[in-house]
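Take a look at the structure set out below.
Any read-out appearing in this document is the output of simple, stated calculations on the displayed coordinates, not a laboratory observation. Given the structure is predicted, the values throughout are model-derived calculations rather than measurements. Because the Cβ atoms are built from the backbone with ideal geometry, glycine has one as well, and the counts that use them run over all protein chains shown.
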Amino acid sequence: MEKIILAIVGLPGAGKTEITNYLQKKFGWPKIYFGQAVFDEIANRGLEINEQNEKQVREDLRKKHGMAAMAILNIPKIKELYENSSVIIESLYSWEEYLEVKNEFADKFFVLAVYSSPQTRIERLGKRPERPLTAEQVQSRDIAQIENLHQAGPIARADFTIINEGAKEEACKQADNFIATI
């Protein structure tokens with residue numbers, strides 16, 4: 001298989017991290033978590049990690065660098081890792097980020113969307129050990145990510161979509177089926 005850049009996209013709680021971890025373990029590919037730039041900036045500002053601060057910092061970075069902010073901040077890291085391996089991008093958000101990465105890597109760039117219903121995602125996000133969210137916080141974040149961050153574009157333009165409503169193993173099997181087609 002030729003080296004690729006694979007972005008895993010989806011709304012919070014859809015299963016992006018599960019699929020990313022599975023593919024990393026199976027293929028040994030490194031990942032770039034686009035959201036790490038947000039957490040790094042939260043730490044730089046001395047703020048607490050919570051939904052409100054995450055949202056504010058994400059929006060601030062995009063005001064400073066434009067809607068392609070996370071791609072702009074992470075492309076140097078992607079290029080460095082890509083010299084030796086395929087690379088997974090976790091949590092590419094905006095349409096503009098999609099276009100930035102697509103422009104940089106062209107036909108080596110693929111997008112895998114992970115979809116779960118709002119109710120499934122609310123249940124998952126309420127139970128997760130790190131940064132659990134209430135139903136209201138999930139809805140607020142969904143709206144912000146769709147309306148303000150243009151997240152629907154990369155999901156809609158994905159090369160393949162996993163429907164993640166059941167067992168983790170089923171979602172992983174769908175990921176394997178997609179990778180086999182590349």
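Both radii come from the Cα set of the range 100-182: Rg as radius of gyration, Rh as Kirkwood radius; their ratio Rg/Rh reads 1.02. Classify the range 1-106 as rounded, prolate or oblate, taking a ≥ b ≥ c as the square roots of the eigenvalues of its Cα gyration tensor: rounded when a/c is under 1.5, otherwise prolate if a/b is larger than b/c and oblate if not. Prolate.
With a Förster radius of 41 Å applied to the beta-carbon distance between Gln36 and Ala156, the computed FRET efficiency rounds to 0.95. Under the convention that each Lys and Arg Cβ holds +1 and each Asp and Glu Cβ holds -1, the size of the dipole of the range 5-181 around its Cα centre is about 180 debye. For the chain, the relative contact order comes to 33 percent (Cα pairs under 8 Å, sequence separation of at least 6). Over 31 Å apart: what share of the alpha carbon pairs of the range 5-181 falls there, rounded to a whole percent? Value for the range 5-181 (Cα pairs over 31 Å): 10 percent.
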